[in-house]
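The values are calculated or read from the model by the stated rules, or taken from the named source; none is laboratory data. A quick note: this is a predicted structure, and the numbers were derived from the prediction, not measured. Backbone-built Cβ (ideal geometry, glycine too); neighbour counts: all protein chains shown.
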Amino acid sequence: MVQEFLSGFRRGSDAFAEFKNIIMQTESPSSPADVKPGTGPFDPKRWVDEHGDFLFKYALLRLRDPTRAEDAVQETFLAALKGGKSFDGRRAEQSWLVGILKNKIYDHFRKARRETSFTDLEFYDDEEGNRFTAGGVSKGGWIHELGPQKWSRQVESLDSELFWKTYHDCSAKLPKKVASVFNLREVDGMETKDICALLDISAGNLWVMLHRARMALRGCLEINWFSKQN
Amino acid sequence: MNFWRKLISGCEALSLDCCTASRAQSERLDHPLPRAKRVGLWLHLAICKWCRRYGKQIRFLREAAHEHPEELAKAAPQNLSVEARDRIKRRLSENN
């Protein structure tokens, strides 16, 4: 009874603290990510320290080349400097920088397509195709032991850092261009026709690359993550 | 009797095999399938639990990546090198 009263009291005083924060227009200190950025004169070097690693990882995932990723990050900061905005919170600042970075990445793709052909012809050697029977009565069927297994704890996996590391490592195994395409379509949600225009590839090529990517990724995650869950 | 036989062989003809079905399930995520393929896929999925699983799993992976781009990016082990970091800071100072 006393416990209930105390927890009720605590809840009430938390609520009052929140209310006070809103009135005083200060941010609640509960989430470090939302602490106001350094005050004082505009300091772009702080951006590099606070956001450099994340932007680099983001760019590397799509461009698959550390030098290109560094260039994209540098260009992003330079462009952001011209923009000269200030933000109420680190998350908003990061979102804005990521927006600029995305465009720099797309610029890189446009430039790259003029230099080399984009389709990964080597990847057409279909390793994943070995999961299907080549002949006999059930031609084209899954070879039983290699067919998709039941996955347990799918939703819980999304909360695991190790799961995301596995996902990342599996997509890192994909050939460079296929990985870029996969990221543009699945992570960024870019429309098929826009990807084709950006990379100067045909829709047919794109679909084959995505099919191979999805199949390889699914297989890799099954072996390296889901088969170990229980 | 003849009618049923014809119906079944018609379904068999239209139905896809697993290899083609997995390709169709992937393509379905990117563009609408032509009708014949759509029907063939539907017929195949009605009887093939492996392919049903396959479709669910690739959809799960797509949603996971799409809803959690930050977690995926953060999972990359590489960081901006010290050298690159300094270089960028210098460029920013020059341009400020």
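A few remarks follow.
- Selection status of A:Asp200, surrounded by fewer than 19 Cβ atoms within 10 Å (Cβ to Cβ), more than 8 Å from every other protein chain (Cβ to nearest Cβ) and in contact (Cβ under 8 Å) with a residue 40 or more places away in the chain: yes
- Restricting region A:139-180 to residues that are under 23 Å from B:Arg52 (Cβ atoms) and of a type in the set (S, T, N, Q), the residue that is surrounded by the fewest Cβ atoms within 10 Å (Cβ to Cβ): A:Ser152
- The listed residues are B:Cys11, B:Cys19, and the only one of them that is assigned to a helix (DSSP H, G or I) and more than 10 Å from chain A (Cβ to nearest Cβ) turns out to be B:Cys11.
- Total residues in region A:184-197 satisfying the condition of being more than 8 Å from chain B (Cβ to nearest Cβ) and assigned to a helix (DSSP H, G or I): the figure is 6.
- Listed by position, the helices (runs of 4 or more DSSP H) contained in region B:27-96 that have at least 2 residues being touching a residue at least 12 places away in the same chain (Cβ under 8 Å) and closer than 18 Å to A:Leu210 by Cβ are B:35-47, B:49-67.
- Scanning region A:129-175 for residues that are among the basic types (Lys, Arg) and at pLDDT 85 or above turns up A:Lys150, A:Arg153, A:Lys165, A:Lys173.
- Residues within region B:48-90 that are facing chain A (nearest Cβ under 7 Å) and buried (at least 16 other Cβ atoms within 10 Å of the Cβ), tallied: 23
- Qualifying residue in region A:206-228 (condition: assigned to a loop (DSSP other than H, G, I, E, B), at pLDDT below 90 and not assigned by TED's automatic domain parsing to the domain that holds A:Lys104): no
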